[in-house]
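Let me begin by presenting the structure, written as structure tokens, before commenting on it.
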Amino acid sequence: MTTIEVHDLIKVYGSTRAVDGVTFTVRPGVVTGFLGPNGAGKSTTMRMILGLDRPTAGTAVIGGRVFAEAEHPVTLAGALIDADAAHPGRTARNHLLALAASNRIPADRVGAVLDEVGLSAVEGRRVSAFSLGMRQRLGIAAALLGDPQVLIMDEPSNGLDPEGIIWIREALPRLAREGRTVLVSSHLMSEIASYADHLLVLGEGRILADSSTDEFVRAHAESRVRLRTPHGTRPDEVLARSGFTAVEDDRGRWMVRGGRIDEIGARLADAGIPVLELADQQASLEQAYLALTSCATTHTSGTAHREGRS
Ligand SMILES: Nc1ncnc2c1ncn2[C@@H]1O[C@H](COP(=O)(O)OP(=O)(O)OP(=O)(O)O)[C@@H](O)[C@H]1O
């Protein structure tokens, strides 16, 4: 079982502390989502784990070794960092055959990974004729070529069509269940929520959260109970006596904070108030993420990118 271990990692570009003292462990068997606003330092961290950028300070190791010094790097870790990594003049098949040959991977893996990512029908086409989604699939095929123990993917859903997104949603947990360590960055909260068991959230180069997805949502967003009672009844006064706050929306439904569905149902039954609808309104990962990052970082959509921190 191979973990990614990052300790006190720092990367400074001029006056920008892109990564500012980050420590975490990514474990096998689960998908770890890597979240954070634009410029938070996710790509820089991934690049340092893969030896594509040199840390200013600190360490990043895969299976206890610096990746650049690994004996068999392609079987240790596969990465999707840049969808444009393939030579545009090569066919998809030839691109993967060249990668396989230079890494001493058997050529029959090429057919297997093309099949896995759904590119077999277009394997003879030049990469220059590929859409972004097709290049993204080819990048994923290249990452899988060495059947690696660790997968690191920067925005794998970028440019994928709905079929490709469904494939990613199914493939990442499957690859993790096979015992691999899977680290995936994304800005698509519903995507991450659908496949990530664990989350690392970065803001301005620092770790803001490192917890299971369920814990993260519970800690940063409040679940509510949705309630509808017959016109003219007021559940709020009864519920307030038990410490629950009920607020009516403009469609005549009540949102109740601070209580579980069974407690609220019981209080209403005791008070003889008929219930037409009673349902859990689960907090979403997006709500939790926005609640955390809006107060913790300065980079939000629509605001200028601020370079240089004091
Ligand atoms: N080669 C570089 N030279 C100078 N600054 C850089 C370089 N690479 C990244 N940075 C800066 O480091 C910071 C972190 O960038 P990084 O790309 O790691 O963030 P990110 O979280 O991956 O963002 P995004 O979600 O937009 O991809 C940003 O301020 C960025 O401008």
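Derivation of every value follows stated rules applied to the coordinates shown; laboratory data play no part. All figures in this text were calculated on a predicted structure; none of them were measured in a lab. Note that we place each Cβ from the backbone using ideal geometry, even for glycine, and neighbour counts take in every protein chain shown.
Structure data summary
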| quantity | calculated |
| --- | --- |
| Net charge of neighbours whose Cβ lies under 15 Å from the Cβ of residue 127, counting Lys and Arg as +1 and Asp and Glu as -1 | +3 |
| The range 164-198 versus the range 207-267: alpha-carbon centroid distance in Å | 30 Å |
| Ellipsoid semi-axes in whole angstrom, largest first, where each is sqrt(5λ) of the Cα gyration tensor of the chain | 44, 24, 17 |
| Residue 187-residue 128 pseudo-label distance in nm [points 7 Å out on the Cα-to-Cβ vector] | 3.0 nm |
| Distance-filtered residues of the range 276-295 - backbone nitrogen under 17 Å, label point 7 angstrom along residue 251 Cα→Cβ | 276-284 |
| From the C-alpha gyration tensor of the range 145-295, square roots of 5λ in Å | 41, 16, 14 |
| Order of 72, 198, 231 under a 10 Å beta carbon neighbour criterion, fewest first | 231, 72, 198 |
| All-pairs alpha carbon distance profile, the range 66-223, 5 Å steps from 0, percent | 2, 9, 17, 21, 19, 15, 9, 5, 3, 1, 0 |
| Extension gain from residue 70 to residue 222, taking 0.36 nm per residue of separation minus the Cα-Cα distance | 50.3 nm |
| Taking 122, 117 and counting other C-beta atoms within 10 Å, the order from fewest to most | 122, 117 |
| Förster radius 51 Å - calculated FRET efficiency between residue 90 and residue 57 (Cβ-Cβ, nearest 0.05) | 0.85 |
| Trypsin sites (Lys or Arg not before Pro) lying in DSSP loop within the range 201-298, provided at most 14 other Cβ fall within 10 Å | 251, 260 |
| Cα-based convex hull, the range 37-159, per residue volume (Å³, whole number) | 111 Å³ |
| Loop-resident sites, the range 103-187, for GluC sites (Glu not before Pro), counting at most 13 other Cβ within 10 Å (DSSP) | 178 |
| Shape of the range 22-83, Cα gyration tensor, a/c cut at 1.5 | rounded |
| Förster radius 41 Å - calculated FRET efficiency between residue 15 and residue 276, Cβ distance, rounded to 0.05 | 0.10 |
| Estimated distance in nm for a label pair at residue 161 and residue 215, the labels positioned 7 Å out from Cα along Cα-to-Cβ | 4.1 nm |
| Net charge over other residues, Cβ less than 12 angstrom from the Cβ of residue 228 (K, R count +1; D, E count -1) | 0 |
| In nm, spacing of pseudo-spin labels at residue 147 and residue 231 (7 Å Cα→C-beta vector) | 6.8 nm |
| Relative contact order (percent, whole number), the range 30-126, Cα cutoff 8 Å, 6+ residue spacing | 18 percent |
| For residue 185, distant residues with modelled amide H under 5 Å away | 34, 153, 154, 155 |
| For 208, 151, 202, order by how many other beta-carbon atoms lie within 10 Å, fewest first | 208, 151, 202 |
